[in-house]
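One structure is given here, and the rest of the page talks about it.
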Amino acid sequence: MLRTVEIAAELTGLRKGEEFHNLHWQPKLELSLDCFICERTERTTSFEYGQEHAVCSGDQKHPQHPAAARITGFDVTHEQERLILRAVVDYWWAPFHDTKRATASTALTRWVRLHAAYLCPHTRQTGEYSTQSNVVRPVSQTCRCGQPLATSSSSPSIRQLT
């Protein structure tokens, strides 16, 4: 079955002027998905926008392998001191039983990890960090130069569309 999820996230407190760090969402993410190919639950599946398939982290028996999934939409909006992301992900799912964990698979994803990058105006160095849905909020990020970059006040949302 084809499943579609919408992922939405927001970073606030972005600086302007001399403190502008050109913070931006990177077009990649990871989801926790149950993989019917290797028949394992809760696999970290990596996505890059524009790629025709994702990559399942696999396990010792089935190493990293292509997954029937991809990012179908990736939209970023800048509003004043906010950076908003909306991504749409399609993935194929089929029921199976994970014998190693003795659990049935589920079509729902459990967490998402999103990536942001920036350019420090003081050091002229790039940096990046990630935020994910299963951490305590609020979470603030700081550049190596000591300037605050942004705050994630609410967890990225994952909404099942189909």
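Descriptive notes on the structure:
- One residue from F47, F74 being modelled with pLDDT of 95 or more, open to solvent by less than 30 Å² (accessible area, probe 1.4 Å) and either within 28 Å of G127 (Cβ to Cβ) or small (G, A, S) (or both): F47
- All strands (runs of 3 or more DSSP E) inside the range 62-156 with 3 or more residues being under 23 Å from E48 (Cβ atoms): 65-67, 69-79, 82-92, 112-119, 126-132, 148-152
- Filter result (more than 13 Å from R3 (Cα to Cα) and among the small types (G, A, S)) within the range 72-116: G73, A87, A102, A104, S105, A116
- Here L14 does not qualify as over 27 Å from R101 (Cα atoms), open to solvent by less than 50 Å² (accessible area, probe 1.4 Å), at pLDDT 95 or above and not aromatic (F, W, Y).
- Flag if R124 is of a type in the set (K, R) and surrounded by fewer than 16 Cβ atoms within 10 Å (Cβ to Cβ): yes
- Unmet criterion (only one of (1) under 14 Å from the mean Cα position of the chain (by Cα); (2) open to solvent by less than 90 Å² (accessible area, probe 1.4 Å)) for R86: (2)
The values are calculated or read from the model by the stated rules, or taken from the named source; none is laboratory data. These figures come from a predicted structure and were not determined experimentally. Positions of Cβ are backbone-derived with ideal geometry, glycine not excepted, and every protein chain shown enters the neighbour counts. Accessible surface is based on the protein model in full, side chains and every heavy atom, while ligands, DNA and RNA are left aside. Shrake-Rupley method; radii C 1.70, N 1.55, O 1.52, S 1.80 Å.
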